[in-house]
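Derivation of every value follows stated rules applied to the coordinates shown; laboratory data play no part. Note that the structure is a prediction, hence the values are computed from the model and not measured. All Cβ positions, glycine included, derive from the backbone under ideal geometry; neighbour counts span all protein chains shown.
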Amino acid sequence: MRETWGSLIRSAREEELLTQEQAAHMCGVGVRTWKRWEADGCVPRIPETQMVVAVLGLDPKEAGEARRATAQAGEGAGLSRRATASGP
């Protein structure tokens, strides 16, 4: 099974020794939003994905694959089709 968006950003955040609050603030999103991302309750739009990639130093291709895998697996239910579009 491929890595999900939530597990990818949680691992990267923990490697950087950041709290969820710190990571959310650095990416310009609310803590509730960040927690939903880590729980695979939803995936970010492309601009937010790009910000997370930059802040956490993620590989853009790996981040895009994890984001798409999460959306396609049905995690993050209720997402628009735009959330599954190609992105970083």
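From the list Ala69, Ala63, Ala54, the one residue that fits, being assigned to a helix (DSSP H, G or I), of a type in the set (A, V, I, L, M, F, W, C) and surrounded by 21 or more Cβ atoms within 10 Å (Cβ to Cβ), is Ala63. The condition (being part of a loop (DSSP other than H, G, I, E, B), aliphatic (A, V, I, L, M) and more than 23 Å from Ala73 (Cα to Cα)) is satisfied by just one residue among Val29, Val43: Val29.
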